[in-house]
Amino acid sequence: MTQRSSDEPIRVGVIGARGRMGAEVCRAVEAAQDMEVVATVDADDRLSALSDAAAEVVVDFTHPGVVMDNLRFCVDHGIHAVVGTSGFDADRLSTVSEWLRAKPDLGVLVAPNFALGAVLTMRFAELAARYYESVEVIELHHPRKADAPSGTAAHTARLISQAREAAGLAAMPDATTQEAPGARGTLVGDVRVHSLRIAGLIAHQEVVFGTEGETLTVRHDSLDRKSFMPGVLLAVRSVFDHPGLSVGLDKYLDL
Ligand SMILES: NC(=O)C1=CN([C@@H]2O[C@H](COP(=O)(O)OP(=O)(O)OC[C@H]3O[C@@H](n4cnc5c(N)ncnc54)[C@H](OP(=O)(O)O)[C@@H]3O)[C@@H](O)[C@H]2O)C=CC1
Ligand SMILES: O=C(O)C1=N[C@H](C(=O)O)C[C@H](O)C1
């Protein structure tokens, strides 16, 4: 049962609208019959354009440094939010949950990755985690990316680490005693994450598992930013039915 009763197109505001993802989102929303872009905001624009245009849902693809202010504005103004921007840690998520207490009907989705294959990769990795002694994550992105490790890699590593802990696994075998800074990546929980920035790439991730006599590699490649759009549109349609904070597009899927 959807909380949205209107048959009119969903009124969507886009923050970061002139960016790589934001521009793609504007095109995808305009091409969908059941939604329309009513406001676009980018750096130096006023967020009040969103409430002035009576946006029902805001899609945010901006920057980790500004996304919390944007979200605060949406929550304060009773606008549902679909957030793709990276940089969310446990503290930020609990802050958003706290804000939402005052708006029990409002939905906020923070999704590290909207590509279906990436969502499945995270789920597969979580399932495989308990069966392997070793696991490391390698993320590969375009060189204009501001943050490292990627939000997807951090989320994947957290899920794996939690699954390993729940299964009571021992520490991973690793004889390294001498290490050049960064050579073994960064730790998220007990999982090492390695970040590559390569011209020509978009967004890619490998999760490499190993145990005696075998390895398993789960890899996903976004070859075009269009790969994120079906997930973004699904989220815009579904956010009304998921009040509170949801983390990960899998929460809107039957996985
Ligand atoms: N969840 C997912 O599936 C995906 C998430 N992402 C994430 O989305 C974010 C954006 O990525 P991408 O589109 O490549 O980045 P871009 O830098 O291309 O776009 C970000 C846009 O936001 C603008 N911006 C900066 N500050 C503000 C502000 N205060 N208010 C409004 N707009 C602002 C930027 O303007 P200016 O350039 O002038 O600063 C820019 O136009 C990143 O965190 C990235 O990791 C990316 C792809 C998929
Ligand atoms: O900046 C990007 O491009 C991407 N960012 C997201 C992330 O940090 O995981 C999602 C995807 O990897 C593309």
Using a/c under 1.5 as the rounded threshold, could you call the stretch 57-105 rounded, prolate or oblate? The axes a ≥ b ≥ c are square roots of the C-alpha gyration tensor eigenvalues, and prolate needs a/b larger than b/c, oblate otherwise.
-> oblate
Which of rounded, prolate, oblate describes the chain, given a ≥ b ≥ c as roots of the alpha-carbon gyration tensor eigenvalues and a/c under 1.5 marking rounded, otherwise prolate only if a/b is larger than b/c?
-> prolate
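When you have a sec, figure out the Kirkwood radius of the stretch 1-106 from all distinct Cα pair distances and drop it here in Å to one decimal?
Kirkwood hydrodynamic radius for the stretch 1-106: 14.1 Å.
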Roll a 1.4 Å probe over the protein chains and send me the accessible area per residue for the stretch 67-216 in Å².
-> 49
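Roughly to the nearest percent, how much of the accessible area of the chain is carbon and sulfur, given a 1.4 Å probe?
Accessible surface attributable to carbon and sulfur in the chain totals 51 percent.
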Percent RCO, i.e. relative contact order, over the chain, from Cα pairs under 8 Å lying at least 6 residues apart = 23
Would you please put 127-136, 173-182 in order of how densely packed they are, using the mean number of other Cβ atoms within 10 angstrom per residue and starting with the highest?
-> 127-136, 173-182
Would you calculate, for the chain, the mean residue ellipticity at 222 nm contributed by helices, counting each DSSP H stretch of 4 or more residues as -39,500 (n - 2.57) and dividing by all residues, to the nearest 500?
-> -9000 deg cm²/dmol
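Per-residue counts of other Cβ atoms within 10 Å, averaged by peptide: what ranking do you get for 37-44, 193-200, highest first?
37-44, 193-200
Work out the length of the dipole vector of the chain about its Cα centre, built from +1 on the beta-carbon of each Lys and Arg and -1 on the beta-carbon of each Asp and Glu, and round it to the nearest 20 debye.
220
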Around I202, what is the net charge, scoring Lys/Arg as +1 and Asp/Glu as -1 over all other residues with Cβ under 13 Å from its Cβ?
-> +2
Where a Cα-Cα gap under 22 Å defines reach, which lysines qualify for K226, not counting those fewer than 8 residues away within the same chain?
-> K145, K251
Part-to-part distance (alpha-carbon centres) for the stretch 154-176 and the stretch 188-255, which is given in Å = 18
The base-10 log of I(q)/I(0) that the Debye equation returns for the stretch 180-227 at q = 0.13, 0.21, 0.25, 0.26 Å⁻¹, one scatterer per C-alpha, is -0.44, -0.95, -1.07, -1.09
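Net charge near V191, counting Lys/Arg +1 and Asp/Glu -1 over other residues with Cβ under 9 Å of its Cβ? Each step should come with its number before you reach the end.
On the way: positive: R158, R164, R192; negative: E136, D190.
Overall, the nearby charge balance is +1.
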Highest-MSF residue in the chain out of A90, A49, A81 [GNM, Cα springs under 10 Å] | A90
Give me the net charge of R11's neighbourhood, meaning all other residues with Cβ under 10 Å from the Cβ of R11; Lys, Arg count +1, Asp, Glu -1.
-> -3
Between the stretch 9-66 and the stretch 69-91, the Cα center-to-center distance that results, in Å | 13
Per its Cα gyration tensor (rounded if a/c is under 1.5, else prolate when a/b beats b/c, else oblate), the stretch 114-255 is best filed as oblate
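The values are calculated or read from the model by the stated rules, or taken from the named source; none is laboratory data. As the structure is a computational prediction, the values presented were derived from the model and not from experiment. All Cβ positions, glycine included, derive from the backbone under ideal geometry; neighbour counts span all protein chains shown. These area figures cover heavy atoms from the full protein model, side chains too; ligands, DNA and RNA do not enter into them. Shrake-Rupley method; radii C 1.70, N 1.55, O 1.52, S 1.80 Å.
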